[in-house]
Amino acid sequence: MTTIHENKGIFIYMQVIIKRTTAEIADLVSEKFVSLLEKKPKAVLGLATGSTPIATYEALINKIKAKNLPLEDVKTFNLDEYVGLEKEKYSYRTFMEENLFSPLGISSSQVHFPSEKTLSAYDEQIAAYGGIDLQILGIGSNGHIAFNEPGTPFESKTHVVKLEESTRDDNARFFDTPEEVPTHAVTMGLATILQAKEIVLIATGTNKQEAVRQMLSGVNSLNCPASILNQHPHVTVYLDEEAAGKLY
Ligand code: GLP
């Protein structure tokens with residue numbers, strides 16, 4: 001399935017791939033990362049947290065180990081991080097350590113996270129490494145990407161955000177108590193994300209149906225931050241049948 005949108009007189013093709021299982025999606029997306037790493041050992045990877053990429057990271061770890069791919073020249077930039085966390089165990093850095101970096105032996109000198117202290121320097125740092133070659137994204141149930149909540153300007157760079165209550169509720173499952181979910185985060189902006197050379201977005205489950213429908217409706221709306229992806233020339237969207245439920 002390919003959705004075609006006209007944007008400023010240019011037709012944009014968002015390739016949409018619908019699969020039955022998360023495992024099939026994980027296989028395809030991890031394969032994209034592997035081919036990049038085989039071609040470009042100095043690749044710059046844009047990484048996401050959340051439940052969605054976990055299966056892809058597992059598949060990627062298995063493939064990289066099976067092929068014995070060298071990773072010492074790889075650099076990674078994560079999309080976002082909480083602000084004001086009291087316990088490091090809830091941080092996205094810890095999530096990435098556990099789910100990808102540590103199993104692959106990627107060292108802390110290779111990885112980057114945005115911080116409220118540096119903000120736009122993050123965009124400059126990404127640019128200094130030549131830009132992100134491949135960015136993986138999930139999508140929030142309200143259409144957010146990274147932590148760019150509805151209403152975020154399309155030209156935004158790395159910035160601090162106040163999280164919507166719906167986002168705090170969605171993410172409370174990762175915390176011992178709902179009160180521990182931070183109210184703020186620091187995130188790559190929408191313009192930062194759009195600088196990536198290639199983007200893959202994964203959405204699974206019925207709670208993503210409406211966000212996916214809006215993203216692929218062809219209307220670029222601040223109400224659905226993911227709709228900015230219509231402006232990017234190289235995006236592939238991977239959906240399971242549940243997330244694609246409102247597209248038919
Ligand atoms: C968080 C993250 C996003 C992620 C979204 C969806 O808000 N900041 O990067 O895409 O949640 O998460 P999940 O994959 O757990 O549904």
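The values are calculated or read from the model by the stated rules, or taken from the named source; none is laboratory data. These numbers come from a predicted model, not from an experiment. Here Cβ is always computed from backbone atoms with ideal geometry, including for glycine, and neighbour counts include all displayed protein chains. Please note that ligands, DNA and RNA were not included when accessible areas were found on the heavy atoms of the full protein model with its side chains. Shrake-Rupley method; radii C 1.70, N 1.55, O 1.52, S 1.80 Å.
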The range 62-96, residues that are among the polar types (S, T, N, Q) and in contact with a strand residue (DSSP E or B) (Cβ under 9 Å, 6 or more places away or on another chain): THR76, ASN78, SER91
Contact list, first residue from the range 155-168 and over 16 Å from LEU190 (Cβ atoms) and open to solvent by 10 Å² or more (accessible area, probe 1.4 Å), second anywhere and assigned to a helix (DSSP H, G or I) and more than 10 Å from the ligand (Cβ to nearest atom), beta-carbon distance below 8 Å, six or more apart or interchain, is ARG168/PRO178
Number of the condition not met by ASP80 [criteria: (1) free of Cβ contacts under 8 Å to residues at least 60 places away in the same chain; (2) open to solvent by less than 30 Å² (accessible area, probe 1.4 Å)]: (1)
Here the residues within the range 150-174 that are touching a strand residue (DSSP E or B) at 6+ places or on another chain (Cβ under 6 Å) and closer than 19 Å to GLY46 by Cβ are VAL161
Scan the range 169-204 for residues that are near the ligand (Cβ under 9 Å from one of its atoms), over 14 Å from the mean Cα position of the chain (by Cα) and open to solvent by 10 Å² or more (accessible area, probe 1.4 Å) and report the count. 4
Just checking, how many residues over the range 30-48 are out of contact with any Leu (no Cβ under 8 Å at 6 or more places or on another chain) and either assigned to a helix (DSSP H, G or I) or under 25 Å from GLY205 (Cβ atoms) (or both)? 3
